[in-house]
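Below is one structure, written out as structure tokens; comments come after it.
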Ligand SMILES: Nc1ncnc2c1ncn2[C@@H]1O[C@H](COP(=O)(O)OP(=O)(O)OP(=O)(O)O)[C@@H](O)[C@H]1O
Ligand SMILES: [Mg+2]
């Protein structure tokens, strides 16, 4: 067995170190609990021996009380060990969870494209929980029980070296025998679980296809198949029970052998006058105490094998580096930025081009209307400006600085994206608008909401700004969602906004509210509007039409609109909504 202790420790040590005090207490209590378990039978021996020797009642009572006292103390210490063990483990692994979650949030979008949320949850929660279990199991079950085993054997050696030796041989033999049997049930348990999964899969398939099955007269076939799978489950279940029975009996047999050994050697040494009856009792008690360590050392070890894979996955995940390195420019001018693309090409997977050789310059304060069919790369262009991805070749410049030379925080402060679907969090309206930035005063929030004509909406909420919103925003209309997204932008006050307009149609009243809000949003800002509606397009100073990631047309909106040979002119004639919707 190859336990990756070093890798495990590398992952957890920095989170255990802050709990040094509690960790030491845990180790101390663990040792105390083991000590008490070994000492208590000795007290009982004294009790038996003094009773047989006819000692005074008061002395006997004292010994009995000591026995009870130690037993209670030992229980209390045991409980504390379990409590502290879980506590230290969960505190450390929660810190690890936080560390990994933060790590995941800082990884680039390429990583997130390749790894599903489910996989990340499994890594950050599933594998880490495994780490916590391992910690408490390992420390308490395996180390604790190994020490208990050694302690018992040492105590027996102290009584009589021959007994100590005999019991050591017995323990070693029992571990070997139990190890031989411990795995025999696993293949059947696995097969049983697989058969169960098959059954559920089969039932689901049959229920969804029930119409087809009936109409094609396949009912008999279905039922026969059902019987076959159930028979499979039964067979594996029976075998795995039988094998488990063998394991339990191997354990039982070992313990019986041990007891025989204790009784036999006790009898022999007692009749030889070497030991007292109390010591015979001690032997028998110690043998029973051995059962737990023996079981732990053979059975719990299995669960430790799974941890190897976990540790490996987590270590690898922690090593993943964002391909996106931060620049060091820490400040940009306060005025609206100019934006330029210089021969930018991009692809999500490295082979299929999504943007090809794009070059354009947008002056500070200008509005670019971005048009193109679905899949032409408009949203992708926006992502490059926000630096969710880096171009494969070429440069994106903001205020004449390559995005790669800026600190990400500086860039993200300067640029805001309003996407087609607004992501709301399960949090109050205030936190949803400010992104948990408590430094923004309520007056500013209310002022913004008034500007965006959202005060009426706010007044319908039971607790105003403190009302909790649903994640996913089911309680909001599409228009309100968009307006809330605008409010977020106003509160952050970026110099460049990218508006990825929803292509779905809104009712005229909402549309007008949105129009007025967009007017305010664009005031004194550079902007890219991914437009689906004529009303929005008319705001643009310049127009770019994308076609399969290439720039099909770029120019001043008025000039293009006046030029009958232009693509934009034709678009306006056929109707933007029809072509681009
Ligand atoms: N995360 C992604 N991973 C891989 N490919 C992507 C990803 N996002 C978009 N694509 C692909 O890149 C191309 C451009 O997509 P993009 O979303 O930029 O188009 P769009 O012009 O915004 O379309 P729409 O008008 O439908 O929003 C499409 O072929 C799309 O399938
Ligand atoms: Mg899009």
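What follows is calculated from the coordinates using simple rules that are stated; it is not laboratory data. As the structure is a prediction and not an experimental result, all values here were calculated from the model. All Cβ positions, glycine included, derive from the backbone under ideal geometry; neighbour counts span all protein chains shown.
For a protection proxy built on the mean count of beta-carbon atoms within 10 angstrom, sort 198-209, 254-265, 369-380 highest first, please.
By packing density, highest mean first, the sequence is 369-380, 254-265, 198-209.
Using the Kirkwood radius over C-alpha pairs as Rh, can you work out the diffusion coefficient of region 310-465 via Stokes-Einstein at 20 °C, viscosity 1.002 mPa s, in µm² per second?
114 µm²/s
In what sequence, highest mean first, do 14-26, 528-540 appear when ranked by Cβ atoms within 10 angstrom?
528-540, 14-26
With a 10 Å radius around each residue's Cβ, average the other Cβ atoms per peptide and rank 177-190, 480-493, highest first.
480-493, 177-190
Would you calculate a helix-derived [θ] at 222 nm for the chain, using -39,500 (n - 2.57) for each DSSP H run of n ≥ 4 and dividing by the full residue count, to the nearest 500?
Per the formula, -20500 deg cm²/dmol.
Starting from the Kirkwood radius over alpha-carbon pairs of region 140-241, derive D by Stokes-Einstein at 10 °C in a medium of 1.306 mPa s and give it in µm² s⁻¹.
Here the translational diffusion coefficient equals 88 µm²/s.
What does the convex hull of the alpha-carbon atoms of the chain project to on average, in nm²?
Here the figure is 41.4 nm², rounded to one decimal.
Please express the shape of region 88-137 as an equivalent ellipsoid: the semi-axes are the square roots of 5 times the eigenvalues of the C-alpha gyration tensor, given largest first in whole angstrom.
24, 11, 5
Per the Kirkwood formula on distinct C-alpha pairs, the Rh of region 323-401 is how many angstrom?
The Cα-based Kirkwood calculation yields 13.6 Å.
What is region 1-110's relative contact order, in percent, from Cα pairs under 8 angstrom and six or more apart in sequence?
With pairs under 8 Å counted, the relative contact order is 42 percent.
Given a cut-off of 23 Å, what percent of all Cα-Cα pairs of region 255-348 lie beyond it?
Above the 23 Å cut-off, region 255-348 has 66 percent of its Cα pairs.
What relative contact order, as a whole-number percentage, does the chain give when Cα pairs under 8 Å and 6 or more residues apart are counted?
14 percent
Just to be sure I follow: if Rg is taken over the C-alpha atoms of region 399-530 and Rh is the Kirkwood radius over the same atoms, what is Rg/Rh?
With Rg and the Kirkwood Rh in hand, the quotient comes to 0.96.
What fraction of the DSSP beta bridges in the chain is antiparallel, stated in percent and rounded to the nearest 5?
The antiparallel proportion sits near 50 percent.
Could you work out the percent of alpha carbon pairs in region 59-197 separated by over 20 Å, rounded to a whole number?
In whole percent, the share of Cα-Cα pairs in region 59-197 beyond 20 Å is 72.
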